[in-house]
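Quick notes on the structure that follows.
The values are calculated or read from the model by the stated rules, or taken from the named source; none is laboratory data. All values reported here derive from a predicted model rather than from experimental measurement. All Cβ positions, glycine included, derive from the backbone under ideal geometry; neighbour counts span all protein chains shown.
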Amino acid sequence: MAKSISCADAGSECTWSTTANSEEELMDKVAQHVKAEHPDLEITPEQIEKIKSIIKEV
Ligand SMILES: [Zn+2]
């Protein structure tokens with residue numbers, strides 16, 4: 001099963017979303033996206049927990 005996430009699910013106005021084959025890969029893509037598009041967003045352990053809680057199986 002692939003995993004999917006979208007910025008909108010995290011409460012952002014952003015329309016970005018992505019899918020990956022593992023949580024590690026997905027978190028990697030999220031980290032790259034945040035760095036590129038949301039530079040003021042800090043990736044704290046709380047943020048990571050929040051992100052993991054909205055990951056969907058697709
Ligand atoms: Zn975004």
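Which of the residues that make up segment 13-58 are more than 21 Å from ALA2 (Cα to Cα) and in a helix (DSSP H, G or I)? Result: LYS35, ALA36, GLU37, PRO45, GLU46, GLN47. Taking segment 31-53 as the range and being within 13 Å of SER17 (Cα to Cα) and surrounded by 14 or more Cβ atoms within 10 Å (Cβ to Cβ) as the test, the residues that pass are HIS33, VAL34, ILE51. Just one residue in the set SER12, SER17, SER6 is surrounded by 13 or more Cβ atoms within 10 Å (Cβ to Cβ), within 14 Å of the ligand (Cβ to nearest atom) and at pLDDT below 95; that residue is SER12. As a summary of the residue check, SER22 satisfies the conditions (1) away from the ligand (no atom under 16 Å from the Cβ); (2) within 9 Å of the chain's Cα centre (by Cα) except for the one numbered (2).
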